[in-house]
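What follows is one structure encoded as structure tokens, with my remarks underneath.
The values are calculated or read from the model by the stated rules, or taken from the named source; none is laboratory data. Since we're looking at a predicted model, the values are computed, not measured. Quick reminder, even Gly has a Cβ in these numbers, built from the backbone with ideal geometry, and neighbours come from all protein chains shown. When the accessible area is computed, the model is the full protein with side chains, heavy atoms only, and any ligands, DNA or RNA have been set aside. Shrake-Rupley method; radii C 1.70, N 1.55, O 1.52, S 1.80 Å.
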Amino acid sequence: MKTIAFILMIFVGLTTNAQQKDYSIKAVDFTKVKLNDHFWLPRIEINRTVTIPASFARCESTGRVNNFVMAAARKGKFCTHYPFDDTDIYKTIEGASFSLATHPDAKLQAYLDSLINIIAKAQESDGYLYTARTIDPNNVGSWVGKVRWEKERELSHELYNAGHLYEAAAAHYLATKKTNLLNIALKNADLVCSVFGPGKKSVAPGHEIVEMGLVKLYRITGKKEYLNTAKFFIEARGHYKGYDAKSDDSWQNGSYWQDDKPVVLQDEAEGHAVRAGYLYSAVADVAALTGDDSLLRAIDKIWENVVTQKMYVQGSIGAKGDGERFGKNYELPNATAYNETCAAIANVFWNERMFLLHGDSKYIDVLEKTLYNGLISGIGLDGKSFFYTNAMQVTNHFNNNDVEASRSGWFECSCCPTNLVRLIPSVPGYVYAQQDNNVYANLFISGTSELVVEKNNVEIVQQNNYPWNGDLSFTINPSKTTEFNFKVRIPGWAQNAAIPSDLYQFKNNSDKKVIIKINGQQTDYTIEKGYAVLNRKWKKADVVEVDLPMEVRRVIANKMIAEDNGKVALQMGPIIYCAEWVDNDKRTSNIILPSNADFTTEYKPDLLNGINVLKTNIEKVEVDSVNNKIETVSKPFVAIPYYAWANRGKGEMAIWLNEKIKDVELITGN
Ligand code: FUB
Ligand code: ZN
């Protein structure tokens, strides 16, 4: 009897311990961070007032809502293109829920309830929810198996739909405290957990996200089975025997699905970039929650691979259109860059989690680069036009029809717009993080935030004009004097590092130093893992001023990226610039940017919702067809933030600019 009690105690002890494992650093919830800045608040507002309503309207007009209505009636014909079209509704509900959390809106909430009502009726009695089958199980289309889950590994997206449902349900529950969507999700998750697992069905989900979704449900319910199933799905990768390991084709060898080897043996980012980003995010979650070091080591290596060899200079990933996937190491073509917006979003999710695991600012450097450049380029300033792919260059003469040169209101496969709907309102959640008495300031966005440190309420007021200016101010207002480490991220770009690797470098080093003052007095500081650590007993109205030197920097690429050799990109602060036709005499492909060109910068409040422009004089290669000669002509040059391109019509754009003429190609014909 005594022995049993002892064993039980150990067991309970271990269980408790295991439950306590988690990220040691926690993000400060987005609802605690109230923005009042000029850059993000208008974007969140336009998401609320334009993007969310436009997205719901498209879900209705394209038949996505009708699919649920028909599934509820168990009759009709699936009327959109892809079996994963259900997720556009889930993602829009998720974005709307984030919005409701900070901006209550009874009408929007009632609309969500009406959709949730239909979703509930579309759910089968055992929890299965997938309109492409439920409408008419005898006519499911080629992507969907005749029986449930049969084609999950390849194309059906049954678990992908489930994952987005869980993400939406978690957001909706946390925002509204209503359980109507959560109950649908839990019923579905219980079904999934009863079907898949050790001794049950095993499959590597064809498109990851169910793993992240299950983790969110685990966090809400504490139900261990959800976490176990998420881990099971991660561990299911790399065991399918039907691939041809010798094939170079990512569909044949399984790498398209990150399924060619077990995750713990993977060390290179491979396959479909959105799938990969969601997988790596889930691996981080599961590693944090289980303490599984082998998973952690795998994503550490994969992260290193992406940042040293597979990321574009503006933070985008997924170079290849064929398979929407990562290219080989250093395969980062400009003319055909794919760079799906969803992949940039996945990169943000992943890097946030890497930071929460390691507390190193390099992950936020990558997050910031992606967020301010290759991610928000995906949405037009009107809030209702989108890029699915994010081009690196548009050249009229060598027109490549695969490159999107103007944004669209929606797509037949509309994953990117609805993914933006949910990402944008969550941005305040990336600003601060906390670990006991360490407060991390990661993003520089003006606003007032409420934290609890050492059991005391601490208000932090950020004031700045970021990303246009590097003067940052933080006013710390603790309810009573509180000692803690205020850790301010000193971005890599302010310390001569264009990216935390040698993939891109600043052409010249700057000797400007980051100055920090507390209450007007310059202070010494130590840097730990990329953060200036400011320790003191903080009292009301203490002011920290940080001066990040913002200069125009020329960025050069690693020699291994052959086509960027001899070219430079322009960066100022976190922003990567591009030349667009509108500001440059209708062409950018003939620009030569001399290496000694000096830049001036100007803030233009009325241009593209307020941007900094970079100006200098350049040489342009011009053809004088009358005299049959080619000449270089000195011209003024203007660069705008890359994210803002394609808001003034269609034409040439370039991020990488030649410093010298290497060759001239004659275009034959008329
Ligand atoms: O497969 C679902 C989504 O559609 C993917 O994440 C996108 O890349 C697009 O293929
Ligand atoms: Zn997408």
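Between Thr601 and Val543, what is the spin-label point distance in nm, taking each point 7 Å from the Cα along the Cα→C-beta axis?
Result for the modelled spin labels: 2.2 nm.
Which of the trypsin sites (Lys or Arg not before Pro) found in region 406-480 are loop residues per DSSP with 13 or fewer other Cβ atoms within 10 Å of their Cβ?
Answer by residue number: Lys455, Lys480.
Residues of region 25-57 with the amide nitrogen closer than 11 Å to a label point 7 Å from the Cα of Asn117, along Cα-to-Cβ, please.
Backbone N within reach: none found.
At most 10 other Cβ atoms within 10 Å and a DSSP loop assignment: could you name the trypsin sites (Lys or Arg not before Pro) in region 102-192 that fit? Before the final figure, lay out each step's value.
Details: sites: Lys107, Lys121, Arg133, Lys146, Arg148, Lys151, Arg153, Lys177, Lys178, Lys187; in loops: Lys146, Arg148, Lys151, Arg153, Lys177, Lys178.
Of the trypsin sites (Lys or Arg not before Pro), the ones in loops of region 102-192 whose Cβ has at most 10 other Cβ atoms within 10 Å are Lys146, Lys177.
Using a 1.4 Å probe, what is the accessible area per residue for the chain, in Å²? Present the calculation step by step, with values, prior to reporting the outcome.
On the way: 26990 Å² over 670 residues.
Accessible area per residue, the chain: 40 Å².
With an 8 Å cut-off on Cα pairs and a minimum separation of 6 or more residues, tell me the relative contact order of region 47-139 in percent.
About 41 percent, as a whole number.
Would you calculate, for the chain, the mean residue ellipticity at 222 nm contributed by helices, counting each DSSP H stretch of 4 or more residues as -39,500 (n - 2.57) and dividing by all residues, to the nearest 500?
Working: 17 runs with 214 residues, N = 670.
The helix contribution divided over the chain gives -10000 deg cm²/dmol.
In region 392-522, what is the count of Lys pairs whose alpha carbons are under 25 Å apart, counting only pairs at least 8 residues apart or on separate chains?
Taking the Cα cut-off of 25 Å, the pair count is 6.
Could you please state, rounded to a whole Å, how far the C-alpha centre of region 417-457 is from the C-alpha centre of region 89-146?
A separation of 29 Å, based on Cα centres.
Hey, got a sec? Which GluC sites (Glu not before Pro) in region 433-475 land in a DSSP loop and have at most 15 other Cβ atoms within 10 Å?
Here the sparse-neighbourhood loop sites are Glu454.
If you take every DSSP beta bridge fully contained in the chain, what fraction is antiparallel? Give it as a percent rounded to 5.
On the way: 87 of 93 bridges.
So the antiparallel bridges amount to about 95 percent of the total.
Excluding Ser479 itself, what net charge comes from residues whose Cβ is under 15 Å from its Cβ, given Lys and Arg +1 and Asp and Glu -1?
Result for the neighbourhood of Ser479: +1.
Among DSSP beta bridges lying fully in region 404-522, give the percent that are antiparallel, nearest 5.
85
Cross-link partners among lysines for Lys200, C-alpha distance below 22 Å, same-chain residues fewer than 8 apart left out?
Correct list for Lys200: Lys146, Lys151, Lys187, Lys223, Lys224, Lys231, Lys241, Lys261.
Can you tell me which aspartates and glutamates have their Cα less than 17 Å from the Cα of Lys177? Leave out same-chain residues fewer than eight positions away.
Asp29, Glu94, Asp105, Asp113, Glu167
How far is the Cα center of region 155-187 from the Cα center of region 603-627, in Å?
If we compute the Cα centre of each part, the gap is 48 Å.
In the neighborhood of Ile379, defined by Cβ-to-Cβ distances under 11 Å, what is the net charge if each Lys or Arg adds +1 and each Asp or Glu adds -1?
Taking every Cβ under 11 Å from that of Ile379, the sum is +2.
Counting pairs of alpha carbon atoms under 8 Å apart in space and at least six apart in sequence, what relative contact order in percent does the chain give?
About 12 percent, as a whole number.
If you take the beta carbon distance between Lys241 and Lys507 as r and set R0 to 35 Å, what does 1/(1 + (r/R0)^6) give as a FRET efficiency, to the nearest 0.05?
0.10
Just subtract the alpha-carbon distance of Thr668 and Asn617 from 0.36 nm times their residue separation and send over the number in nm, one decimal.
15.4 nm
What is the distance, in nm, between label points placed 7 Å from the Cα along the Cα-to-Cβ direction at Glu528 and at Leu265?
Roughly 3.9 nm, to one decimal.
When Lys and Arg each count +1 and Asp and Glu each count -1, what net charge do the other residues less than 14 Å away from Asn609, Cβ to Cβ, add up to?
Values: positive: Arg43, Lys604, Arg648; negative: Asp37, Glu45, Asp382, Asp606.
Spelling it out: positives minus negatives among the neighbours equals -1.
Give the separation of the Cα centroids, region 465-541 to region 189-234, in Å.
So the two Cα centres are separated by 40 Å.
Modelling each spin label as a point 7 Å along the Cα-to-Cβ direction, I'd like the Asp105/Lys77 distance in nm, to one decimal.
Here the modelled spin labels are 3.5 nm apart.
Please compute the contact order of region 486-598 in relative form: average sequence separation of alpha-carbon pairs under 8 Å and at least six residues apart, divided by the residue count, as a percent. Let's see the in-between values first.
Numbers: 150 pairs, mean separation 27.0, N = 113.
Averaging sequence separation for qualifying contacts and normalising by length gives 24 percent for region 486-598.
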